[in-house]
1. If each of GLU123 and SER139 carries a label point 7 Å out from its Cα toward its Cβ, how far apart are those two points in nm?
2. To the nearest 20 debye, what charge dipole does the chain have about its Cα centre, counting +1 at the Cβ of each Lys and Arg and -1 at the Cβ of each Asp and Glu?
3. Go ahead and collect, in residue order, the members of the range 196-225 whose backbone nitrogen is under 11 Å from a label point 7 Å along the Cα-Cβ direction of LEU179.
4. For a quick check: with amide H placed at 1.01 Å from N, whose amide H comes under 5 Å from THR25's, ignoring anything fewer than 5 positions away on the same chain?
5. Taking 35 Å as R0, compute the FRET efficiency from the Cβ-Cβ separation of GLU82 and GLU191 and round it to 0.05.
6. Which FRET efficiency, nearest 0.05, do LYS41 and ILE262 yield, Cβ-Cβ r, R0 30 Å?
7. Considering the chain as a Gaussian network with a 10 Å cut-off on Cα pairs, which listed residue, ALA107, ALA89, ALA235, attains the greatest mean-square fluctuation?
8. For GLN160, what is the net charge nearby, where nearby means another residue's Cβ is under 10 Å from its Cβ and Lys, Arg count +1, Asp, Glu -1?
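Each reported figure results from applying straightforward, stated rules to the coordinates on display, with no laboratory input. None of these values were measured; they are calculated from a predicted model. Reconstructed Cβ throughout: ideal geometry from the backbone, glycine too, with neighbour counts over all protein chains shown.
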Amino acid sequence: MAATSVVVLDRGNNTTCTINLHGATVVSWRVNNQEQLFVSKQAVFDGKKAIRGGIPFVFPQFGPWNYGPQHGFARIVRWNLEKPPERLASGDIEAIFSLIDSDFTRAVWSYPFQLTYRLILREKELHSNIAVYNPSKESTFSFNLLLHTYFKVPDVRRCQITGLQGCTYLDKTTNEGALYQETRDVVTIGEWTDRIYQNTPHEHIITNVVSGRKMRIQKCNFPDTVIWNPWVEHAKEMNDFGDDEYPNMVCVESGHVSSPVILLPGMGFEASQILQVM
Ligand code: TA6
């Protein structure tokens, strides 16, 4: 019988977090039985393709890559459950996932690496703590890292995203890849949106998420924030995404993508994100 691919953190009060070992993808985060994350009804769970929704783990590459699949390999390989879910003294639930290099990863990216991904489920918060370690004694490697979070929303056209005013962003909807400056105090989504905001503040608030609540995102060592909604045309282009699903999601992604992290032999890098339902 195949080993289980799904790990559930259950804090009680219908507050749970479900992780698929394929990509260590968080596929559900329920707070008092309210799902906070979007997963497409057409998502594929074949253990090969990235899961369309939840929180895909993007490493070592964000975006197109000459060596392998877009957004790197971490989200399409099976991770290990390093430490099964455990209730901490605080009442929170913690689990740890890990990934190290393999024949598959070395075939596209020749470096040894160790990834540790610690998830802590609090009453109304989901903490993600990531450590990247370079075990080599002689080689340095560089990488991108990003949590590709799909938030579930009743209607993306009613959402406002704070914390981006004045930031420089790369607009991927214009193929010249020019840089612009955000002038709005809150960003709204009313068309195809695909932007890499650079050197953003540590905190964003998304309004009008599930149950009309707000979602607070706090990030550490993730200097960039990617905002994405495929809108009508690009929704149709994805066969693992319903044509009518784009109003019900917005990606607000904490990442280190505008410049690579450079990791010397024996060195480590840590980044974290806290999602909080307000
Ligand atoms: O994070 C935004 C983005 O880079 C978009 O350009 C779009 O490609 C999205 O990721 C989804 O990428 P995927 O490879 O999961 O289809």
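1. 4.8 nm
2. Charge dipole of the chain: 500 debye, to the nearest 20.
3. The answer is 198-199.
4. For THR25, the qualifying residues are ASN20.
5. On the way: r = 42 Å, r/R0 = 1.19.
So the FRET efficiency works out to roughly 0.25.
6. 0.15
7. The residue that fluctuates most here is ALA89.
8. Net charge in that neighbourhood comes out at +2.
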